[in-house]
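All remarks here apply to the structure that follows.
The values are calculated or read from the model by the stated rules, or taken from the named source; none is laboratory data. As the structure is a computational prediction, the values presented were derived from the model and not from experiment. Neighbour counts run over all protein chains shown; Cβ positions are idealised from the backbone, glycine included. In case anyone asks, the SASA skips ligands and DNA or RNA and just uses the protein heavy atoms, side chains included. Shrake-Rupley method; radii C 1.70, N 1.55, O 1.52, S 1.80 Å.
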Amino acid sequence: MVFGSWVCLLAPLAGFLAILAAGSRLTRSQAGIVSTGSVFVGFAGAVVAFVDAWGRDADERGELTTAWTWLKAGEFQVGLELLIDPLSLVMMLVVTGVGGLIVLYSVGYMAGDDEERRYFAYMAFFVFSMLLLVQGGNLLVLLVGWGLVGLASYLLIGFHHERASAVAAAKKAFVVNALGDAIMALGFFLAIAKVGSLDFGVVFEAAESGELSDTVVALVALGLLGGAVAKSAQIPFHTWLPDAMEGPTPVSALIHAATMVTAGVYLICRTHPVFEAAPDVQALAAVLGLITLLVAGVVALVQWDLKRVIAYSTMSQIGYMFVGAGVGAYGFAMFHLVTHAFFKALLFLAAGIVIHHLAGEQDIRRMGGLRRALPTTNLTFLIGTLALVGIPPLAGFWSKDAILASALDEGGALGWILYVGGLLGAFLTGLYSLRLYLRVFHGEPAAEPAQAHGHEAHRGEGPRSMTLPVLVLAAGSVVVGLLNIPGVWHPFEDWLEPVAESLVHPSTGEEWLSSALAVGLGGLGALLAWRAFQAGRELVPDGAVRRTLEHKLWFDELYDTVFSRPAQTVAVALRDRFETPVVQGGLDEVAEGTLRGAAATSSAQSGLLRTYALAITISVSILALVFLVVR
Amino acid sequence: MMGPGVPWYLAVSAMLFSIGVAGVLLRRSPLIVLLSLEIMLNSANLAFVGFSRLFGEMDGQVFALAVMAVAAAEVCVGLGLIVAMARRNLILDVDRLTELRG
């Protein structure tokens, strides 16, 4: 188990280093093969570890392995530790499995790009960072992985560095994530100060035993929540995610499905004892999730960019996971994470085929009728869409409804608000997903797309390396949901139970009731979208509401006014008032003074040998005299 | 103890040193300057040997040998320079070799 997990962690790192070291000695396609291979080797390692763990008793599936003591300061010490338990095994399988398919897809998608080697090196590095995050055996190792994921996303979102918008998007993602990292680090500092350790076990025990004051626990939980919210693109730290669509499409798939945004949900499930000790913060997580899932749902109704609609749907689905984790249904939150990884990767990769086919076109107003040109993509995208809406028996149906049922079971005002909001979210999901699907694949083909920018036209569905992962993911989107059928069997929930015991246990009746309502509302949304499409209407009529939604509720403008502009004003003022006159001017004066001094001193160098000798003689004589006198 | 006392040696050494200094300061031929330097070094050697004898220890003599070795090396370099200057037909006068003036 330990061996498998080390292989899983180090294989993508080895792939990354190999591509870096080999440089131009590898051809571009070889770099793709190395990267894909290394991630799949990691997947094999994860499977080995999983099978090993599967054979053990439920209580013995967790194992902490320490490579070496990494940091030591007095009483406080942190080792380079990996924690392998059912929770991290699930994440390892998703990250390397879905991630591997996405990297494989990139081999076809990125073919012909100028900087493929750099791309594949970064992809392997991204997977490695995420693995370090999920396998980290204490909070510090987790934080290291956390930061590396932010770095990798920065590098990949800004991959097309010749486009100013891509660079700006990468910067935005990095800054917002760094903000979350800083909040999380503050929580850790508090934990070090009060508990004296960053080991999961020690921190959890301290939180559970009640020896810490409520304020301390709440602050640590808030720190964790801040990090989780930023990484998972929940309100109010969500603004980076739609812009992150500037990266190549497989990168979007990797960020949205297998890595990065799922990290926040993982973190809450991993550190659930801290959240349980601070119930208010846990409720806050659920409320933030609810707000995000509704806001992202309505904003997705009016977006025109193919990838942005899917990006907002990711925010919305992660919102569901936060709701699940917030009411204590960790198993269901993780379950939705896994099913979402499949159908969201599927949607992105299928969208990538569409974009490829249309030579870089992403505006759905210029698409339409693609079901004839791309029959397989049409089918797989439909599967992904229906799984997203939650139509049985596809994956999203089982996992989303389980979260809703948990909210219902939670009861109380909060539970009911979450439940009703979640159902409304299901309705919105039906609306925006079907709008997207119909716009792209049905109706009349739009005029020939401009061949101006992006990839050169690859007509059709692309090479086998692109269609194969899509088909595998489509199959996955159909079957993974069957891992948890209410009232029949629930191996997934049982698997996670030893690590993150759920606080709520919805009855079978509640589950089926939620399912019926959610499917009904999702279907209703889909039907309305269909009717609107047939009538050629938009879902949201023109007007103030639509304008607000098109501006994503003015979040970007608000942050720009409140944070970005003042910071720029201060920076410009500092440059004009301090940097240029004082720092630069001061340096210039120092340089000039040195020059003048040197000119004055150099006249002492007469070049006459005898003058020098005389100077030495006189100096030595004076020194000798002084020596004698002072003695 | 045979012969003159140590103060005599020191007096001779001081005299030689002064002659050397005067040579370095007053003469203009680089060859003579070099020669005067050698005289100064050897006056120091004489002082070393004299003190060595006074204290009955070998340290001063060892030091004198080391100084001789260094002096030999120095003469090699100095004479080499002078020969090089002569072959380039430069005037052998330290007062006129002032190219390094700042």
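Some observations on this one:
- Long hydrophobic helices in chain A: the complete DSSP H runs spanning 27 Å or more by Cα along their own axis with mean Kyte-Doolittle hydropathy of at least 0.5 are A:2-22, A:28-54, A:86-109, A:116-135, A:164-195, A:279-300, A:306-326, A:330-357, A:412-441, A:508-535, A:609-630.
- Sulfur and carbon atoms: percent of accessible area, chain A [1.4 Å]: 66 percent
- Under a model in which nothing but the beta-carbon of Lys, Arg (+1) and Asp, Glu (-1) is charged, the stretch A:307-535 shows a dipole of about 1040 debye around its Cα centre.
- Other-chain or far-sequence residues with amide H under 5 Å of A:N138's (modelled H): A:E81
- Put a plus charge on the Cβ of each Lys and Arg, a minus charge on the Cβ of each Asp and Glu, and nothing anywhere else: the dipole of the stretch A:250-372 about its Cα centre is then about 480 debye.
- The interface between chain A and chain B buries about 900 Å² of solvent-accessible area in total (1.4 Å probe, ligands and nucleic acids excluded).
- Burial ranking of peptide ranges A:214-221, A:358-365, A:586-593 (average Cβ count within 10 Å, highest at the top): A:214-221, A:358-365, A:586-593
- Mean Cβ count within 10 Å, highest first, over the residues of peptides A:40-49, B:72-81, A:304-313: A:304-313, A:40-49, B:72-81
- Put A:Y437, A:Y612 in order of accessible area, highest first, and with a 1.4 Å probe you get A:Y612, A:Y437.
- Interchain or long-range residues, amide H under 5 Å from A:E63's placed H: A:I84, A:D85
- Averaged over A:602-614, number of beta-carbon atoms from partner chains that fall within 10 Å: 5
- Between amide H atoms placed 1.01 Å from N, distances below 5 Å from A:I391 occur with A:F397, all of them 5 or more places distant or on a separate chain.
- In a reduced charge model with +1 at each Lys and Arg Cβ and -1 at each Asp and Glu Cβ, chain A shows a dipole moment near 1960 debye about its Cα centre.
- Among B:D93, A:D57, the sequence by solvent-accessible area, most first, with a 1.4 Å probe is A:D57, B:D93.
- Each of A:V98, A:F441, A:A258 was placed along the dipole of chain A (beta-carbon charges, centred on the mean Cα), and the one lying farthest toward the positive end is A:F441.
- For peptides A:533-541, A:3-11, A:156-164, A:184-192, sequence by mean Cβ density within 10 Å, most packed first: A:3-11, A:184-192, A:156-164, A:533-541
- Exposure of A:T66 as accessible area (Å², to 10), given a probe of 1.4 Å and all protein chains: 70 Å²
- Value of [θ]222 nm, deg cm²/dmol, for the protein assembly as shown, DSSP H segments ≥ 4, -39500 (n - 2.57) each, nearest 500: -24000 deg cm²/dmol
- Take chain B with all the other protein chains still there, run a 1.4 Å probe, and you get 69 Å² of accessible area per residue.
- Between the listed residues A:A604, A:V582, A:G593, the Cα displaced farthest toward the positive end of the dipole of the stretch A:559-630, a dipole computed from Cβ unit charges relative to the Cα centre, is found at A:A604.
- Note on B:86-94: average number of Cβ atoms from other chains within 10 Å of each residue's Cβ is 1.
- Exercise: per-residue mean of other protein chain Cβ atoms within 10 Å, A:251-259: 0
- Which of A:W398, A:W68 is most accessible, then next, and so on - probe 1.4 Å: A:W68, A:W398
- Listed residues B:L100, A:T467, A:I183: farthest to the positive end of the dipole of the protein assembly as shown (Cβ charges): B:L100
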